[in-house]
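Down below is the structure, laid out as structure tokens.
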Amino acid sequence: MMNIAKPNNSFNTTLPDLIEYPTSGILSKVLFKDNNSQYSLFCLAAGTEIDEHTSTRNAVITVVEGTGNLNLEGKDIALTPGVFVFMSANAPHALQAKENLAFVLTLSEHLPKKKISQQTIDIVKSTAPVIKQHGQKITTRMYEIMFNTHPEVKAQFDMSAQTNGTQPAKLATAVYSYATHIDDLEALKAMVDKIAHRHVATHVLPEQYPIVGECLLQAIQDVLGDAASEEVMKAWTQAYQALADIFINREQQIYQTEKAS
Ligand code: HEM
């Protein structure tokens, strides 16, 4: 892959001049990339197929030349010059080039990247000692709430690890590590990776994160009582959302790699 332009500089080009077909497969050139979006020119040799996959970002295909077929969420769309297709994040799609096919693929974040505020960081860090002290109590309470309100998730868990306390202990360690390293996420990479692999092995899905979030926040409130001020709860709500996004993205990558192999 090569980069054609630098971010923050306006530029223009003539797409047909950039088109180059490989003898087989795909040749792609990144036209432009920044933190939120990436514009690439894809040149597919006739006959190339891309198996069904998903993207964590919104994607737009704008066909420049050639013909092909896009299967988007089970529906076939003929690709011919001028066709514009918007694919929302996580929509399964597969593609096939009938002739040499060139299109611009635009990827964009479907959610604004939320930066955790310094105030949230400070508040969350200040709660680390109480989280450490009451961690196991909080996570035991969180599983109690979750299994009561969402019994369907029980099937994903090894219930003996609940009874003997090992799973609540692991979660407590993870929450405490996050509280202490919320401003140094690099330090959490190995931990996130290990947990994300376990989540994929137990089929955890993005839509389950709000459930855990709600139960965890309720548990923090139950255990900390008056110490769980409105300010503290607001900060933890924001912090949990940011952590959930990190897991969801990492797990999406693992699910995709597993699918491709
Ligand atoms: C930010 C939120 C979350 C954190 C910090 C977290 C943390 C953890 C940790 C530390 C483990 C243990 C990993 C290991 O054994 O090495 C784990 C496992 C697991 N988590 Fe999560 N988790 C989160 C969200 C979720 C969600 C949304 C679900 C969905 C229901 C979930 C379901 C599971 C399951 C099923 C396991 C395996 C448990 C077992 O083996 O019995 N987690 N998680």
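I need the full set of residues from segment 176-189 which are among the hydrophobic types (A, V, I, L, M, F, W, C), within 11 Å of the ligand (Cβ to nearest atom) and open to solvent by 20 Å² or more (accessible area, probe 1.4 Å), in order please.
None - no residue of segment 176-189 is among the hydrophobic types (A, V, I, L, M, F, W, C), within 11 Å of the ligand (Cβ to nearest atom) and open to solvent by 20 Å² or more (accessible area, probe 1.4 Å), so the list stays empty.
Hey, any hits in segment 45-57 for a residue that's open to solvent by less than 20 Å² (accessible area, probe 1.4 Å), touching a helix residue (DSSP H, G or I) at 6+ places or on another chain (Cβ under 9 Å) and either in a strand (DSSP E or B) or within 21 Å of Asn249 (Cβ to Cβ) (or both)?
no
Considering segment 233-242 alone, what residues qualify as being at pLDDT below 95 and among the aliphatic types (A, V, I, L, M)?
Across segment 233-242, the qualifying residue is only Ala242.
In segment 218-228, which residues are open to solvent by 30 Å² or more (accessible area, probe 1.4 Å) and within 16 Å of the ligand (Cβ to nearest atom)? Spell out how you get there, then give the answer.
Here is the first cut: in segment 218-228, the residues open to solvent by 30 Å² or more (accessible area, probe 1.4 Å) are 218, 221-223, 225-227.
Matches in segment 218-228: Gln218 only.
Give me the helices (runs of 4 or more DSSP H) completely within segment 105-174, filtered to those with at least 1 residues that are near the ligand (Cβ under 10 Å from one of its atoms), ordered by residue number. Walk me through how you get there before you give the answer.
Values: elements: 118-126, 128-149, 159-163.
Qualifying helices (runs of 4 or more DSSP H): 128-149, 159-163.
Checking the structure you have, find out if any residue of segment 85-99 is open to solvent by less than 40 Å² (accessible area, probe 1.4 Å), modelled with pLDDT under 95, among the hydrophobic types (A, V, I, L, M, F, W, C) and within 14 Å of the ligand (Cβ to nearest atom).
no
Give me the pairs, please: first residue somewhere in segment 228-247 and within 16 Å of Glu207 (Cα to Cα) and in the same structural domain as Met142 (by TED's automatic domain parsing), second residue anywhere and among the aromatic types (Phe, Trp, Tyr) and in a helix (DSSP H, G or I), beta-carbon distance under 8 Å, and either six or more positions apart or on two chains.
Within 8 Å, the pairs are Leu243/Tyr178; Ala244/Tyr209; Phe247/Tyr209.
Mind checking which residues of segment 8-44 are within 23 Å of the chain's Cα centre (by Cα) and part of a loop (DSSP other than H, G, I, E, B)?
Matches in segment 8-44: Asp34, Asn35, Asn36.
Of the residues in segment 194-207, how many are modelled with pLDDT of 95 or more and part of a helix (DSSP H, G or I)?
So the count comes out to 8.
Pairs needed: first member in segment 190-213, more than 22 Å from Ser177 (Cα to Cα); second member anywhere, in a helix (DSSP H, G or I) and near the ligand (Cβ under 6 Å from one of its atoms); C-beta distance under 6 Å; at least 6 residues apart or different chains.
Listed by first residue and then by second, the contacts come to Thr202/Gln156.
The values are calculated or read from the model by the stated rules, or taken from the named source; none is laboratory data. Treat the numbers as computed from the prediction; the structure is a model and nothing was measured. Methodologically, a virtual Cβ is constructed for each residue, glycine included, from the backbone with ideal geometry; neighbour enumeration extends over all protein chains shown. All accessible areas refer to the heavy atoms of the entire protein, side chains included, with ligands and DNA or RNA removed. Shrake-Rupley method; radii C 1.70, N 1.55, O 1.52, S 1.80 Å.
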